[in-house]
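The values are calculated or read from the model by the stated rules, or taken from the named source; none is laboratory data. From a predicted model like this one, the values you see are computed outputs, not experimental measurements. Cβ atoms come from the backbone with ideal geometry, glycine included; neighbour counts cover every protein chain shown.
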Amino acid sequence: MGMNMENTQDTFSSLVNEVESSFDFQSQIRESSSEQTFLHLVLSPLGYESGYAYPLIVWLHGDGKNERQLVQIMPFISLQNYISVAPRGLSLKEKKWRDIFHRSGQSTNRYMSLYNWLEEPEAIAEAEQRIFDSIRVAQQKYHINPQKIFLAGADQGGTMALRIAASHPDSFAGVISLDGGFPQTNQPLRCWHSIRPLRMAILKNRNNSVYTTKMAAQQLKMFHTAGMSVTIREYPNDKRFTMFSDMNHWFMTGKFPVSKQEPFRTKSASKHQKSEL
């Protein structure tokens, strides 16, 4: 599925304003990655207790953002429940990634000075390296429960999160994408037998003009055919902030909360159930 980066700024990114967080976090840290350096941000929870094994959230920022988006979104998820880490995406100032960006058919100048996740093999490999290096850094600094490492992201970062989790299903307890659909290129389902036990969810704005309800319904059929366990949860525009509290509930319990009202629609695909949006 091709995604227009100009339009994705109107989806998830419009949801999160600049939030000044008061909780403690590590400064940006440079670490070696494939003989290069990458920037990432690690956040510790309020009242961190070294004797407790925390869940880890690995966050892939949205289009044109950077690792500091983690500081913006964690107050809406939880300030106490998780260690979290965010690697920076690929810089389009670098000729190597800029050339790949243009080869992928995207030609806007709007993102030339910003950071993104590109759906080309070399860029995917670099994203994968940065994700696992970030996990390693978090594990070196904090007490992490290795059975509760979650991957999440927004927009193209959400699509990349789904891709990497699908390629390494045994490495993650689950994956959530916000307003980013399942990848359609470079064989994302090559490990489809192993993906089946992996918990996956896509939370989307009902008004998203990039990852539309029609696209989500088509992907839901694909998930069912592959026997995958995927939930797509759709929110009206005025309930978008509910996405974050629902993420927290899903990470902690494995389920989404049930609302007495109907602020959103939820459809799941598994080998036992077939549903359509």
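Could you give me the residue pairs with C-beta distances under 8 Å whose first residue belongs to the range 196-221 and is part of a helix (DSSP H, G or I), whose second residue is of a type in the set (Phe, Trp, Tyr) and crowded, with 23+ Cβ neighbours inside 10 Å wherever it lies, and which are 6+ apart or on separate chains?
Pairs that qualify, where the first residue is part of a helix (DSSP H, G or I) and the partner is of a type in the set (Phe, Trp, Tyr) and crowded, with 23+ Cβ neighbours inside 10 Å, are 219/182.
Does at least one position in the range 170-190 carry a residue that is modelled with pLDDT of 85 or more, of a type outside the set (Lys, Arg), under 18 Å from the mean Cα position of the chain (by Cα) and part of a helix (DSSP H, G or I)?
Residues of the range 170-190 modelled with pLDDT of 85 or more: 170-183.
Within this subset, residues satisfying the condition of being of a type outside the set (Lys, Arg) are 170-183.
If we keep only those that are under 18 Å from the mean Cα position of the chain (by Cα) as well, we get 170-183.
Remaining after also requiring part of a helix (DSSP H, G or I): 170-171.
Yes, that holds for at least one residue.
Taking residue 252 as the residue in question, decide whether it is loosely packed, with under 14 Cβ neighbours inside 10 Å, part of a helix (DSSP H, G or I) and either touching a helix residue (DSSP H, G or I) at 6+ places or on another chain (Cβ under 7 Å) or at pLDDT 90 or above (or both).
yes
Just checking, which of 52, 82 is out of contact with any Ser or Thr (no Cβ under 8 Å at 6 or more places or on another chain), at pLDDT 95 or above and either closer than 21 Å to residue 243 by Cβ or hydrophobic (A, V, I, L, M, F, W, C) (or both)?
Values: 52 fails: either closer than 21 Å to residue 243 by Cβ or hydrophobic (A, V, I, L, M, F, W, C) (or both).
Sole residue among the options that is out of contact with any Ser or Thr (no Cβ under 8 Å at 6 or more places or on another chain), at pLDDT 95 or above and either closer than 21 Å to residue 243 by Cβ or hydrophobic (A, V, I, L, M, F, W, C) (or both): 82.
Any idea how many residues of the range 114-172 are among the charged types (D, E, K, R) and within 19 Å of residue 71 (Cα to Cα)? Walk me through it before giving the result.
Of the residues in the range 114-172, the ones among the charged types (D, E, K, R) are 119-120, 122, 126, 128, 130, 133, 136, 141, 148, 155, 163, 170.
Retained after the next criterion (residues that are within 19 Å of residue 71 (Cα to Cα)): 130, 141, 155.
Total satisfying the criteria: 3.
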